[in-house]
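J.: Supplied in structure tokens, the structure appears directly below.
No lab work stands behind these numbers, since they all come straight from the coordinates. Bear in mind that the values here come from a model prediction, so they are computed numbers and not experimental data. Cβ atoms come from the backbone with ideal geometry, glycine included; neighbour counts cover every protein chain shown.
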Amino acid sequence: MNQLTPNAIKVLESRYLLKNSEGKFIETPQQLFERVAKYLSKAELKYNNVAEAEKWEKIFYNMMSDLYFLPNSPTLMNAGASLNQLSACFVLPVEDSLEDIFTSLKNTALIQQSGGGTGFNFSLLRHKGDFISTTTGNSSGPIAFMKIFNAATDNIKQGGKRRGANMGILNVDHPDIEEFITVKLEEGVLSNFNISVGIFNDFMKAVEEDKLWELKDPNTKQTVKTISAKELWSKITNNAWSSGDPGLVFLDTINAANPTPAIGKIMCTNPCGEVPLLPFEACNLGSIDVAKFFDIERKEFDWDHFADIIKNSIRFLDNVIDMNTYVIPEIKELVQGNRKIGLGIMGWADLLTKLEIPYASEKALQFGEDLMRFMQEKSDIASQELANERGVFKNWDKSIFAPNNKLRNATRTSIAPTGTISIIAGTSSSIEPHFALAIHRENVLNNESLFELNENFVSYLKEHHLYTEEIIEEVKKTGSIANTKLPAHVKELFKTSLEIEPHWHIMHQVAFQRHTDNAVSKTINLPEKATIKDVNDAYFLAWKQKAKGVTVYRTGSKTSQVLNSGISQSENQGSCKVCVS
């Protein structure tokens with residue numbers, strides 16, 4: 001078993017290790033991985049003999065305990081325990097009736113209680129003040145109902161171990177879109193929601209051409225109001241600059257890659273945006289720490305080992321679908337019908353520094369695209385092999401893959417934030433650059449902060465005979481080496497998130513999206529001095545480059561922040577909006 005960092009142990013003890021009724025631990029980290037591997041390997045008994053199940057139990061245990069691969073948090077928390085609800089990502093419908101709205105609210109409670117996060121598109125709800133014929137009253141509008149969902153989440157801790165998370169989307173042609181855009185300017189409002197505007201290509205073209213834009217009644221499709229597309233866009237970018245919200249979800253781009261269009265259009269994503277899902281769909285995620293495939297002796301990436309872990313991880317995630325407990329019948333039917341999974345990566349920034357490739361470089365973008373192309377190809381092959389062994393997913397004949405491409409899973413890859421599992425793995429999160437070389441995370445556990453000095457950076461200094469206590473003290477204070485006397489190429493290699501131009505953030509997201517069949521969760525970090533034009537440019541670039549969504553966060557635009565530069569509590573130099581689930 002790979003050695004866990006002190007912060008990894010803290011996280012495991014806080015959220016993942018099983019306890020008895022007295023609150024005492026009844027398993028170690030090793031036993032946690034044994035529990036998960038044993039439970040997931042039982043799926044093999046549906047298709048193979050006991051010997052095969054035992055073989056895969058050992059393989060699953062080794063790749064988790066060696067921290068090459070970790071599944072999403074609900075799988076680590078619940079597999080082989082009492083809940084056995086293993087999915088992280090859900091999307092629920094919100095139809096335009098009181099009964100449907102509160103049925104979705106009940107289902108949300110069940111999902112979040114079991115450890116899942118939920119996404120909703122509220123665009124089917126009639127706009128505020130609209131006449132309701134059945135009661136001769138007026139509609140409260142989608143935002144009022146969002147606040148009810150938010151209040152419910154406040155009182156439900158996911159799986160009893162983490163705060164609930166929601167994605168709330170309103171389409172850009174909804175009559176209440178202007179109120180939606182500004183709703184989070186007041187801090188604390190919809191605090192359990194990430195919010196995004198559902199964007200259509202026609203709207204973006206209307207902005208470019210300075211045309212009028214029609215806001216339409218969701219039921220009658222009649223125009224309620226006509227406004228300037230450019231002025232509406234300006235409200236979006238102004239508010240994103242001010243508060244980090246709203247993000248954008250590019251619905252036409254998402255549906256162009258919808259693997260099952262015959263079943264329905266995709267109008268929503270999970271809370272962090274990396275999995276576009278149909279109503280009542282869920283997805284199981286896992287991530288591979290690519291930094292651990294750096295061969296120290298050869299100073300290069302171990303592609304063969306990476307391929308083996310990809311293949312085994314796809315099998316692991318497919319097993320999750322069979323061993324999952326589904327809290328809602330409709331979800332079970334659709335999940336088992338499409339068998340969507342999302343395998344992604346973490347440790348990207350750590351890998352780049354080990355390879356001595358600056359994040360803000362064309363070389364990094366090319367390597368990222370090559371790596372993700374390789375991962376998608378190997379994931380597809382693994383899913384094809386599983387289809388030959390176990391059969392295609394039930395809705396395969398209604399998918400874009402029929403009649404020739406036999407796959408076990410409608411989707412195979414996704415880039416999740418990995419905010420917590422990357423701490424367990426002792427690596428950098430997702431495809432993000434290093435936020436800082438010394439960071440403290442606030443409120444990720446039970447009001448406890450985590451402090452961390454980047455050990456790869458320290459090792460680099462020692463290996464290149466550049467280490468001094470003065471440099472380390474500067475990093476502990478500011479999280480950066482920008483003001484040190486280190487060589488320029490070292491400063492370039494270890495540039496932190498806020499020192500990297502937004503262009504490079506976006507282009508990393510795009511490079512990985514080109515070979516990811518779900519989506520990529522990525523925060524575009526902006527320094528406090530960033531302008532509204534910077535937000536405008538980032539949002540437009542993301543759309544033009546076929547990203548499926550985009551989120552920005554300007555340092556200091558919220559008072560409550562998760563990531564902070566430096567490991568002195570009195571020296572908060574900046575932060576970013578991240579998913580820590």
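J.: Step through the table entries Lys55/Lys299; Lys58/Lys292; Lys225/Lys522; Lys522/Lys558; Lys292/Lys495, compare each Cα-Cα distance with 25 Å, and write down the pairs that go over it. The partial results should precede the final answer.
T.: Numbers: Lys55/Lys299 32 Å; Lys58/Lys292 20 Å; Lys225/Lys522 34 Å; Lys522/Lys558 18 Å; Lys292/Lys495 21 Å.
Cα-Cα > 25 Å for Lys55/Lys299; Lys225/Lys522; rest within.
J.: Cα to Cα, under 13 Å, and not fewer than 8 places away if on the same chain: which aspartates and glutamates meet these conditions relative to Lys406?
T.: Asp380, Glu385, Glu389, Asp397
J.: Where in the chain are the DSSP H helices whose alpha-carbon span along the long axis reaches 15 Å or more and whose Kyte-Doolittle mean is at least 0.0?
T.: Details: long enough: 29-41 (18 Å, -0.48); 50-65 (22 Å, -0.37); 98-113 (22 Å, 0.09); 142-154 (18 Å, 0.67); 229-243 (21 Å, -0.75); 303-323 (30 Å, 0.05); 362-390 (41 Å, -0.92); 502-513 (17 Å, -0.33); 532-544 (18 Å, -0.12).
Span-like helices in the chain: 98-113, 142-154, 303-323.
J.: Would you compute, for the Cα atoms of the stretch 419-484, the largest minus smallest coordinate along each principal axis and list the three values in descending order, in whole Å?
T.: 37, 21, 16
J.: Just subtract the alpha-carbon distance of Glu52 and Glu463 from 0.36 nm times their residue separation and send over the number in nm, one decimal. Let's see the in-between values first.
T.: Details: separation 411, 0.36 × 411 = 147.96 nm, distance 4.41 nm.
Computed gain between Glu52 and Glu463 is 143.5 nm.
J.: Moving to a separate point now. Write out the GluC sites (Glu not before Pro) in the stretch 1-33 meeting two conditions: DSSP loop, and at most 11 other Cβ atoms within 10 Å of their Cβ.
T.: Details: sites: Glu13, Glu22, Glu27; in loops: Glu22, Glu27.
Listed in order of number, the matching sites are Glu22.
J.: If the limit is 26 Å between Cα atoms, which of Lys42/Lys398; Lys42/Lys340; Lys184/Lys548; Lys19/Lys106 go over it?
T.: Values: Lys42/Lys398 29 Å; Lys42/Lys340 20 Å; Lys184/Lys548 22 Å; Lys19/Lys106 28 Å.
Result: Lys42/Lys398; Lys19/Lys106 exceed 26 Å.
J.: Along its three principal axes, how long is the stretch 381-451 when you only count alpha carbons? Whole Å, largest extent first please.
T.: Extents along the principal axes: 52, 25, 20 Å.
J.: Thr226 to Glu214: extension gain in nm, 0.36 nm per residue of separation minus the Cα-Cα distance?
T.: On the way: separation 12, 0.36 × 12 = 4.32 nm, distance 0.45 nm.
Result: 3.9 nm gained on full extension.
J.: Helix-derived [θ] at 222 nm for the chain: sum -39500 (n - 2.57) over DSSP H runs of at least 4, divide by residue count, nearest 500?
T.: Values: 20 runs with 227 residues, N = 581.
Roughly -12000 deg cm²/dmol at 222 nm, from the helical runs in the chain.
J.: Okay, next question. Of the beta bridges DSSP finds with both residues in the stretch 430-565, what % are antiparallel, to the nearest 5?
T.: Numbers: 7 of 11 bridges.
Of the beta bridges lying entirely in the stretch 430-565, close to 65 percent run antiparallel.
J.: So if each residue of separation counts as 0.36 nm, and I subtract the Cα-Cα distance between Asn404 and Asp308, what length gain in nm does that give?
T.: Full-extension gain reported as 32.0 nm.
J.: Let me ask something else about it. If you count the DSSP beta bridges with both ends in the chain, what percent of them are antiparallel, to the nearest 5? Don't skip to the end; give the middle numbers.
T.: Details: 28 of 57 bridges.
Taking every DSSP beta bridge within the chain, about 50 percent pair in antiparallel fashion.
J.: I've got another one for you. Which whole-Hz ³J(HN,Hα) couplings does the stretch 269-283 yield from phi under the Karplus relation 6.51 cos²θ - 1.76 cosθ + 1.60, θ = phi - 60°, glycine and proline marked x?
T.: So the J values, rounded to whole Hz, are 10, 6, x, 9, x, 8, 9, x, 9, 6, x, 6, 8, 9, 9.
J.: Also: Using R₀ = 22 Å, calculate the FRET efficiency as 1/(1 + (r/R₀)^6) where r is the Cβ-Cβ separation of Ile472 and Lys299; round to 0.05.
T.: 0.35
J.: Farthest toward the dipole's positive end in the stretch 234-393, which of Leu365, Tyr326, Trp303, given Cβ charges of +1 (Lys, Arg) and -1 (Asp, Glu) about the Cα centre?
T.: Tyr326
J.: Just for the Cα atoms in the stretch 301-365, what are the lengths along the principal axes, largest first, rounded to whole Å?
T.: Taking max minus min along each principal axis of the Cα atoms, the stretch 301-365 gives 49, 25, 15 Å.
J.: Could you tell me whether the stretch 248-321 comes out rounded, prolate or oblate from its Cα gyration tensor? Rule is a ≥ b ≥ c as square roots of the eigenvalues, rounded for a/c under 1.5, then prolate if a/b exceeds b/c, otherwise oblate. Show your work: numbers first, answer last.
T.: Numbers: a/c = 2.97, a/b = 2.16, b/c = 1.38.
Here the stretch 248-321 falls in the prolate category.
J.: Are there any GluC sites (Glu not before Pro) in the stretch 450-553 that are in a DSSP loop and have at most 13 other Cβ atoms within 10 Å? List them by number. Write out the running numbers ahead of the final one.
T.: On the way: sites: Glu452, Glu455, Glu463, Glu469, Glu470, Glu473, Glu474, Glu492, Glu499, Glu528; in loops: Glu528.
Taking the stretch 450-553 and a limit of 13 other Cβ atoms within 10 Å, the loop GluC sites (Glu not before Pro) found are Glu528.
J.: Any idea what Rg and Dmax come out to for the stretch 430-565 if you just take the C-alpha atoms, in Å?
T.: 16.4, 46
J.: Can you give the FRET efficiency for Glu385 and Asn138, using 1/(1 + (r/R0)^6), R0 = 60 Å, r = Cβ-Cβ distance, to the nearest 0.05?
T.: Details: r = 57 Å, r/R0 = 0.95.
With a Förster radius of 60 Å, E is 0.60.
J.: Now a separate question. For Val224, what residues show an amide H to amide H distance below 5 Å, using hydrogens built from the backbone and excluding near sequence neighbours?
T.: Distant-sequence amide H within range of Val224: Leu215, Lys216, Asp217.
J.: With only alpha-carbon atoms counted, please give the Rg and Dmax of the chain, in Å.
T.: Gyration radius and largest Cα-Cα distance of the chain: 23.1, 78 Å.
J.: Still on this structure, I have one more. P(r) for the stretch 89-269: what percent of alpha-carbon pairs falls in each 10 Å bin, starting at zero?
T.: Reading the bins upward from 0: 9, 35, 37, 16, 2.
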